[in-house]
1. I'm told Asp135 meets every condition in (1) acidic (Asp, Glu); (2) over 26 Å from Gly202 (Cα atoms); (3) touching a residue at least 60 places away in the same chain (Cβ under 8 Å) except one. Can you identify the failing condition by its number?
2. How many of the residues making up region 279-319 are assigned to a strand (DSSP E or B) and under 16 Å from the mean Cα position of the chain (by Cα)?
3. Can you name every residue in region 88-117 that is outside any helix (DSSP H, G or I) and not hydroxyl-bearing (Ser, Thr, Tyr)?
4. Return the residues of region 168-182 that are part of a helix (DSSP H, G or I) and under 24 Å from Pro73 (Cβ atoms); say none if nothing qualifies.
5. Determine which single condition Ile366 fails, assuming it passes every other condition in (1) buried (at least 21 other Cβ atoms within 10 Å of the Cβ); (2) in contact with a strand residue (DSSP E or B) (Cβ under 6 Å, 6 or more places away or on another chain).
6. Gly64: among the small types (Gly, Ala, Ser), surrounded by fewer than 18 Cβ atoms within 10 Å (Cβ to Cβ), under 27 Å from the mean Cα position of the chain (by Cα) and under 27 Å from Asp86 (Cβ atoms), yes or no?
7. Take Asp277 and tell me if it is on the phi > 0 side of the Ramachandran plot and either outside the structural domain of Ile107 (by TED's automatic domain parsing) or in contact with a Cys (Cβ under 7 Å, 6 or more places away or on another chain) (or both).
8. Of (1) out of contact with any strand residue (DSSP E or B) (no Cβ under 8 Å at 6 or more places or on another chain); (2) part of a helix (DSSP H, G or I); (3) closer than 13 Å to Leu39 by Cβ, Asn148 satisfies all except one. Which?
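The values are calculated or read from the model by the stated rules, or taken from the named source; none is laboratory data. Source: prediction; values computed, not measured. Glycine gets a Cβ as well: all are built from the backbone with ideal geometry, and neighbour counts include every protein chain shown.
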Amino acid sequence: MAPVETLLVTKRLREVSDSSWTIDAAVGSGAYESLRKALAMEPEAIIEEVKTSGLRGRGGAGFGAGQKWSFLPKGAFPRYLCVNGDEGEPSTFKDHMLVERDPHQLIEGIVITAFAIRCNTAFIYLRGEFALGADRLAQALRDAYARNFVGAKILGSDFDLEIILHRGAGCYIAGDETGLMESLEGERAMPRIKPPFPAVQGLYAAPTIVNNVETLSTVPHIIRMGGEEYAKLGVGRSTGTRIFSVSGHVVRPGNYEVELGMSFRDLIEGLAGGMRDGKEMKFFIPGGASSPWLVPEHLDAPLDMDHVQGELKSMLGSGAVMVFNEDTDPVQIAWRLSKFFAHESCGKCTPCREGSSWIEKVLYRIANGLGRPADLDLLLDFGNNIVPGLNAPFAQTTICALGPSIMSPVVGLTRWFRDEVEQRIGASGEPVELKMRVL
């Protein structure tokens, strides 16, 4: 049987097409009905439904959404909801699509979540480069205020909510929840040491929940169908659907919403059409630039957060699946990704600030045919100062996850292509004449 998408979060934008972002099209296809249902529930009951659903954050960390909400200290007000719409992971474009083409679904999810956590002010932190998305989201907010889906005494209830749209300056660290809050407060986006965690002391030192765009866009569907029914989708603790941004050397790159548990093969070779131009796959990156690489032998593995992390030593991360064919130079890919992370390092943590630039320089010289026999071990030595042991995800020496992310392409090279890299360096250590290909 051919693999198919399971449409929940992308249903409206697929069926209503070009007008899906307008309030008339959204309301006509069921928008804000879940909000009406939620406002008739107790806030605690909404949190329990989300816990029952098993919804885990769709921004990368995969932490339980309902569990995160329940960490807010009782009786501590004011409290805030921050929507992470920064989406700075290379080749990830699902949130971009949701903001541009179904902003009312996001707004509905925000209002339901704010009601559930008893919050009266929400901030949408949107990546500054999303110009069309910002325009449409701003218009959607105006329309939602006009129809009393946002504002004072929403839909005749006693619940008030103000939603503030904030456009970020565009930096990777603003995708970290604490970096995002620093930016919202007018500071340079730099991560904060935890604890205290945002749920206890976040934005303006008040209790704060930070959720990703796709996570909040899923909430209305959980309220509509019930947490138990939603939990029937997916596999194990990876319940529901996720949107995967497939890019690279495939026939049909794009966003695909699938039930978790589908195999990488069904996603890449089925929905995305497989490799183009009759080429063979060399490797793929399963969850954005910060996730360790996988190879064709892993294609039959399930899209299951726990399996990918536990068995394959990688992660589904932000949901960006980058596919590379047999002609791809893995060293050049590793260099280009390390260059990105070195550029985006905020400089707060010494291992990341210094180590990222060293790693980029060594990969650059290998890619240019000037590598040395000891270079691969040198890269791992650098990495051991950022992520001791390299396989201990909680042993990082940096505050945020950018430091460990720098090592993902290096680990990919040494794990799957060490022989190829050593061969091009040359056993004698003499430089091998190669030409750089522009990516």
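1. Status for Asp135: all satisfied but (3).
2. Selection size over region 279-319: 1.
3. Across region 88-117, the qualifying residues are Gly88, Glu89, Pro90, Phe93, Asp102, Ile117.
4. Glu177, Thr178, Gly179, Leu180, Met181, Glu182
5. Exception for Ile366: condition (2).
6. Considered against the rule, which asks whether it is among the small types (Gly, Ala, Ser), surrounded by fewer than 18 Cβ atoms within 10 Å (Cβ to Cβ), under 27 Å from the mean Cα position of the chain (by Cα) and under 27 Å from Asp86 (Cβ atoms), Gly64 comes out as yes.
7. Judged against the criteria, Asp277 is a match.
8. Just one mismatch for Asn148, condition (2).
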